[in-house]
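Colleague: Once you've had a glance at the structure underneath, I'll fire off some questions.
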Amino acid sequence: MSSEISVRDQIFSTYDSLYDAEKKVADYLISHPSEAIEMSVSELAQHCEASQATIVRFCKKIGCKGFHQLKIRMAGEQREQEEQVISNEINLDHMEQSLNNILGSKLEELKATYSNFDPKELREIIDKILQADMIEFAAMGNTIPIALDGTYKFNQLGIKAVSSTIWESQEAFSRILKEKDMLFAISASGASKRLLNMVEIAKENQAVTVAITNQAKSPLAEACDYVLLTATREHIFHDQVSFTRMAAMSVIDCLFLFLFSTKWDSFKNVAEHEQSVAEEKM
């Protein structure tokens, strides 16, 4: 909220939208930040097998005016993080360092997600949730558990919410949304055609749409009324596989806790539900 997103996290946030040549620059900066700080733009271009124009274009995509500003920001951030050693190594023979790498990366994801929040926009979203008659959580693939978690938590609070593991059912739900209802579309890439179609349907019905995504400039983010931008560092470990859900789950948790502290009957609803669940235990 108050701190500027780091260069490293900005790279992760925009990585999927970069061209292949720009990804070479991103990969080099992630893997060799100290060396890159000491280089000229022509030297970096040579190491990345990319043109100088590609580097300049890359710098602008991550919010820097040029390579000089990028180096200044990276140098400042590096000084702040000298004591924190996080690499991409995951090795069973080096368990302690590997755990530090994994969990340290997760903590940085949460911090970067927090810095993305706009308090005014978040308040507007919470107010609209409280005014809605029904809320749908829609997702595809490995983000479906986040949608199910959101639905469970909102229903616990006494807020009517729906979701499904079947995309046809999700689309059917979006068709019965009406004015003031809400659709939360959850997608790491923000490029799901099916989710985009659901957003279009919801908007035609005058429902409020919210994207939860890693990609600020994705089609989904641009289509929705609000965007809750999450951060990811999964490219540290693998550049082809999407596997992390922690940041998006934390967004759901934040919404739940704000609603729990705001909605007058939330404690009663949650307590009654928890008691009902407890009675089923041995």
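Colleague: Treat the count of other C-beta atoms within 10 Å as a stand-in for reagent exposure and order R79, R73 from fewest to most.
Modeller: So the residues, fewest neighbours to most, are R79, R73.
Colleague: Ordered by packing density, taken as the mean number of other Cβ atoms within 10 Å over each peptide's residues, highest first, how do 177-190, 156-169, 264-277, 33-46 rank?
Modeller: My ranking of the peptides, most packed first, is 177-190, 156-169, 33-46, 264-277.
Colleague: Could you pull out every Cys in the chain that lacks a partner Cys with its beta carbon under 4.7 Å away?
Modeller: Within the chain, the cysteines lacking a partner Cβ under 4.7 Å are C48, C224, C254.
Colleague: Something else: Counting pairs of alpha carbon atoms under 8 Å apart in space and at least six apart in sequence, what relative contact order in percent does the stretch 117-278 give?
Modeller: Averaging sequence separation for qualifying contacts and normalising by length gives 23 percent for the stretch 117-278.
Colleague: While we're here: As a footprinting exposure proxy, order R175, R57 by other Cβ within 10 Å, with the fewest listed first.
Modeller: Going from least to most buried by this count: R175, R57.
Colleague: Continuing with the same structure: Could you give the radius of gyration (one decimal) and Dmax (whole number) of the Cα atoms in the chain, in Å?
Modeller: Reported Rg and Dmax, both Å: 20.9, 68.
Colleague: As a test of understanding, state the convex hull volume per residue of the stretch 7-84 from its alpha carbons, in Å³.
Modeller: 79
Colleague: Once phi is turned into ³J(HN,Hα) by the Karplus curve 6.51 cos²θ - 1.76 cosθ + 1.60 with θ = phi - 60°, what whole-Hz value does each residue of the stretch 116-122 show in order, with x for glycine and proline?
Modeller: Result, ordered by residue: 7, 5, 9, x, 5, 5, 4 Hz.
Colleague: Over the Cα atoms of the stretch 117-278, Rg to Rh with Kirkwood Rh, two decimal places?
Modeller: Reported Rg/Rh (Cα atoms, Kirkwood Rh): 0.96.
Colleague: Over the chain, what is the mean sequence separation of C-alpha contacts under 8 Å (at least six apart), divided by residue count, expressed as relative contact order in percent?
Modeller: Relative contact order for the chain comes out at 18 percent.
Colleague: Looking at the square roots a ≥ b ≥ c of the eigenvalues of the Cα gyration tensor of the stretch 139-229, which shape do they give, rounded for a/c under 1.5, prolate if a/b is larger than b/c, or oblate?
Modeller: Because its axes are fairly even, with a/c under 1.5, the stretch 139-229 counts as rounded.
All of the numbers you see were taken from the coordinates with simple rules; none came from a lab. Note that the structure is a prediction, hence the values are computed from the model and not measured. For neighbour counting, all protein chains shown are included, and Cβ atoms are generated from backbone atoms with ideal geometry for every residue, glycine included.
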